[in-house]
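Student: The following block contains the structure, expressed as structure tokens.
The values are calculated or read from the model by the stated rules, or taken from the named source; none is laboratory data. This is a predicted model, so every value here is computed, not measured. Because the Cβ atoms are built from the backbone with ideal geometry, glycine has one as well, and the counts that use them run over all protein chains shown. Heads up: the accessible areas ignore ligands, DNA and RNA and are worked out on the full protein's heavy atoms, side chains in. Shrake-Rupley method; radii C 1.70, N 1.55, O 1.52, S 1.80 Å.
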Amino acid sequence: MPWHGPVEWCTVIEHHPWGLDVRTDDSDIIGVIDLRFIGDDILCINPENWPPVGARLKVRRQGTTPNGQIRYTARESELWPS
């Protein structure tokens, strides 16, 4: 999708009821992954299926909200082509 940034590696730093906080490996940027974008499988919306704090994930930047929050997706279907 043309509005997505390049594929990056990040580390999960915190769980929230709405999703994950992550920190990118290359730039130390902290962003969020909404629970709908943790994975392609519908089971990924269930917190018990989320990657643990400390897990490394491939992500792609979706954009920035009006308040400056950086949003990422970890859905495999949105990570290719990289």
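Student: Is the shape of segment 6-79 rounded, prolate or oblate, going by the alpha carbon gyration tensor and its root eigenvalues a ≥ b ≥ c, with a/c under 1.5 for rounded and a/b larger than b/c for prolate?
Tutor: rounded
Student: Would you mind working out the accessible area per residue for the chain, using a 1.4 Å probe, and quoting it in Å²?
Tutor: Per residue, the chain has 61 Å² of solvent-accessible surface.
Student: Right, here's the next one. Can you give the local net charge around F37? Use residues other than it whose beta-carbon is closer than 9 angstrom to its beta-carbon, Lys and Arg +1, Asp and Glu -1.
Tutor: After counting each charged neighbour, the total is +1.
Student: Using +1 on the beta carbon of Lys and Arg, -1 on that of Asp and Glu, and nothing else charged, what's the dipole of the chain about the Cα centre, debye to 20?
Tutor: Roughly 160 debye for the chain.
Student: Counting only DSSP beta bridges with both residues in segment 6-79, tell me the antiparallel percent, nearest 5.
Tutor: 95
Student: Right, next: Can you tell me how much longer the chain between W18 and D34 gets when fully stretched, taken as 0.36 nm per residue apart minus their C-alpha distance, in nm with one decimal?
Tutor: 5.2 nm
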